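Undergrad: One structure, as structure tokens, below. Some questions next.
The values are calculated or read from the model by the stated rules, or taken from the named source; none is laboratory data. Computed from a prediction, not measured in an experiment: that's the story for all the values here. Virtual Cβ from ideal backbone geometry, glycine too; neighbours counted across all protein chains shown. SASA here: full protein model, heavy atoms, side chains in, ligands and nucleic acids out. Shrake-Rupley method; radii C 1.70, N 1.55, O 1.52, S 1.80 Å.
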Amino acid sequence: MRATPPSGASAGRVLPQAAAALVLLLMVLVIVRLPWAGDLGMHAATVQRLRHSLLHPGNPLVAADTPSPYYSPWMLLLGAVARVTGLPVFVVLRIGALAGLGLLITGVWRYVRTLSAHRAAPALAILCLLLLWGPLLFNWSGFLGLNSLALTVAYPSVCALGLSFHLWAWLTRALRGEISWGVALGLGLLWGLILLCHQFTGVVASLGVLATVISARPDRGTLLRLGAGAALGVALLWVWPYYDFFALFSAGADLEAIHRPLYSHLLQRFGLVLLGVVALGLRLRRDRRDPLALFFALGVLVFAAGGLTGHYSWGRALPAVLIPAQLAAALETVSAGRRAVRAAWAGVLAVALTVGAWTQVGTLGYVVGRDALPAAVAAKYRTPWVGYHWITPWVKYGDVVMARTMPSRQIPAYGPYTVAPGYPDVFLPDAARRDAAVTHYFAADTPAGTRRAIVREYGVRWVVGGRGAAEPWLRRVATGPGGQVLYRVER
């Protein structure tokens, strides 16, 4: 007769699973609404270009025939779906978001299973990855906080993170036996695919791979096969036709300036992760080659090097610090020695997760709307962007729009181009000139004749500006949120 587990043990398994299920349900409901902020317009524009031309999409934001790192294998797949099905771009992005979330959850589940056989471990890991952050809200692509994930779930970074967890799980299991040539080559291809989908997440994936290999201490033959797999991954990067992956290493100072904020307010943003650092120390005492501890150390090394040398874009390796610590915090609940110790740890972790959940509770507003939230929760809600769908009855695919930076981050999502890209573009040779043209156009002291010359040079058909932006050769067509006005350029 099968023994019945103690009620405490059963509750310890069921409660995390139920909490994780509720959080995942929240994410699915968020995808239905798909709140807009950050880079969503860039990814929508990328799908727009690919649905019109899978082979020669051109620049996703401006009317120029240049490559773009946003043309990744993942976006190519979504572009093909949009082209074949005829579905609207934002519907395709929702489909991609569901698929990316599925890859992430199954990847976490598979990887955690290589570290613990406890049935509650995957659910605890998901809760820690999403909630164990800090009292100051932090959102950034490639970072798995609940609010951050809600705003970036349709981004390629989520797909790449999901594939990274699958890569670590596959590699960990393979290293426990004898790795065949086929498995090694498959691992290398998956690694290259992750790097192409999201370069910064590819760095995190690489650090996790390195930590796993160091921990396993494979023999020379295994290292040879893994080296061949890595070479195949590099070959994939080399032959990818949509952009030169290795040209990204020469990205300019703009990239460093954008990422400098990653090095500020560390304790407020990530303070709860210190609980995971303690857990890593306990794991390291039990095993000097613990893969999570090694992963964490490599992440700290890269992150610190970026801050010390001024290469602030290296701060995007920070998930390599956070993920192993968050996983260690979850695993310590089910792997600490004595039952009393596990119970005490679980209590401390529950308090930390509650604090993290309260910090990110405004995520509920992306499902029910701000008005339905209690006042204390509504205060934590961050209103997403409105979008520029209001211009689409007039502005058509391929039209060029003169607009400032913030509108330029959204307008191409609907098919038009803007004069200057809303984001830094290392592959656009005249990006600085385009930025200067937009600044000059909207400057109050710019003569009307100069504005007209800029419009003609870039083939501008529409201008989005304030009510005072009109010229004799502009005809007012529509008014949008915030007093913005759409003007048609009269030829």
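Undergrad: Once the piece of chain linking Val341 and Ser250 is laid out straight, how much longer is it, given 0.36 nm per residue of separation minus the C-alpha distance between them?
TA: 27.7 nm
Undergrad: From the phi of every residue in region 117-124, what ³J(HN,Hα) in whole Hz does the Karplus formula 6.51 cos²θ - 1.76 cosθ + 1.60 yield, where θ is phi - 60° and glycine or proline is x?
TA: 8, 5, 5, 8, 4, x, 5, 4
Undergrad: Rounded, prolate or oblate for the chain? Axes are the square roots of the Cα gyration tensor eigenvalues, ordered a ≥ b ≥ c, and the cut-off for rounded is a/c under 1.5.
TA: Prolate, since a/c reaches 1.5 and a/b exceeds b/c.
Undergrad: Putting +1 on Lys and Arg Cβ atoms and -1 on Asp and Glu Cβ atoms, find which of Gly96, Leu115, Ala184 reaches farthest to the positive end of the dipole of region 96-222.
TA: Toward the positive end, the furthest listed residue is Leu115.
Undergrad: Okay, moving on. Which whole-number percent gives the relative contact order of region 41-154, counting Cα pairs below 8 Å spaced six or more residues apart?
TA: Relative contact order comes out at 18 percent.
Undergrad: Enter the angle in degrees (range 0 to 90, nearest 10) between the Cα long axis of helix 274-286 and the first principal axis of the Cα atoms of the chain, meaning the one along which they spread out most.
TA: So the helix axis and the longest Cα principal axis differ by about 40 degrees.
Undergrad: Additional query: When DSSP beta bridges are limited to those with both residues in the chain, what percentage is antiparallel, rounded to the nearest 5?
TA: Here the antiparallel bridges make up roughly 65 percent for the chain.
Undergrad: To continue, here is another question. Just grab the label-to-label distance for Ala257 and Ser180, each label 7 Å out from Cα along the Cβ direction, in nm (one decimal).
TA: If labels sit at Ala257 and Ser180, their model points lie 5.3 nm apart.
Undergrad: Tell me, what is the percent relative contact order of the chain, built from C-alpha pairs under 8 Å that lie six or more residues apart?
TA: Across the chain, relative contact order equals 17 percent.
Undergrad: Related question: Specify the angular offset, from 0 to 90 degrees and rounded to the nearest 10, of the alpha carbon long axis of helix 89-115 from the longest principal axis of the alpha carbons in the chain.
TA: Tilt of helix 89-115: around 20 degrees.
Undergrad: Here is a further query. Over region 338-398, what is the relative contact order in whole percent, taking alpha-carbon pairs under 8 Å and six or more residues apart?
TA: 25
Undergrad: Residue farthest toward the positive end of the dipole of region 352-409, with Cβ of Lys/Arg at +1 and Asp/Glu at -1: which of Thr383, Val401, Leu353?
TA: With unit charges placed on the Cβ atoms, the residue in question is Val401.
Undergrad: Please give the FRET efficiency for Val14 paired with Ala304, using the beta carbon to beta carbon distance and R0 = 35 Å, rounded to the nearest 0.05.
TA: Rounded to the nearest 0.05, the efficiency is 0.30.
Undergrad: Between Val278 and Leu224, what is the label-point separation in nm under the 7 Å Cα-to-beta-carbon projection?
TA: If labels sit at Leu224 and Val278, their model points lie 4.8 nm apart.
Undergrad: Given axes a ≥ b ≥ c from the Cα gyration tensor, I'd like to know whether region 203-264 is rounded (a/c under 1.5), prolate (a/b larger than b/c) or oblate.
TA: Oblate shape, in that a/c is at least 1.5 and b/c is the bigger or equal ratio.
Undergrad: Could you give the nm distance between label points at Glu457 and Asp445, where each point is 7 Å from its Cα heading toward the beta carbon?
TA: Distance between the two pseudo-spin positions: 1.9 nm.
Undergrad: Taking only Cα atoms, what is the 0 to 90° angle, nearest 10, from helix 73-85's long axis to the longest principal axis of the chain?
TA: It is inclined by approximately 60 degrees.
Undergrad: Leaving out ligands, DNA and RNA, what percent of the accessible area of the chain is carbon and sulfur, probe 1.4 Å?
TA: 64
Undergrad: Sorted by average packing, counted as other Cβ atoms within 10 angstrom per residue and highest first, what order do 118-125, 274-281 take?
TA: 118-125, 274-281
Undergrad: Taking 0.36 nm per residue of sequence separation and subtracting the Cα-Cα distance, how much length would be gained by fully extending the chain between Val368 and Leu77, in nm to one decimal?
TA: 101.6 nm
Undergrad: Charges on Cβ only, +1 for Lys and Arg, -1 for Asp and Glu, centred on the Cα centroid of the chain; of Thr85, Leu144, Ala37, which one is farthest towards the dipole's positive end?
TA: Of the listed residues, the answer is Leu144.
Undergrad: A follow-up question, please. Dipole size in debye (nearest 20) for the chain around its Cα centre, Lys and Arg Cβ +1, Asp and Glu Cβ -1?
TA: Its charge dipole is roughly 1080 debye.
Undergrad: Which FRET efficiency value, to the nearest 0.05, is calculated for Ala379 and Arg491 with the Förster distance at 41 angstrom and r the Cβ-Cβ distance?
TA: Once rounded, the FRET efficiency stands at 0.25.
Undergrad: Sum -39500 (n - 2.57) across every DSSP H segment of at least 4 residues in the chain, then divide by the residue count to get the 222 nm mean residue ellipticity, nearest 500.
TA: Mean residue ellipticity, 222 nm, calculated: -19000 deg cm²/dmol.
Undergrad: Can you compute 3J(HN,Hα) from phi for each residue in region 308-319, using the Karplus curve 6.51 cos²θ - 1.76 cosθ + 1.60 with θ = phi - 60°, rounded to whole Hz and x for Gly and Pro?
TA: With coefficients 6.51, -1.76 and 1.60, one gets 6, 9, x, 8, 5, 5, 5, x, 5, 7, 4, x Hz.
Undergrad: Please give the contour-minus-distance gain from Ala21 to Ala216: 0.36 nm per residue of separation, less the Cα-Cα distance, rounded to one decimal in nm.
TA: Extending this stretch completely gives an extra 66.9 nm.
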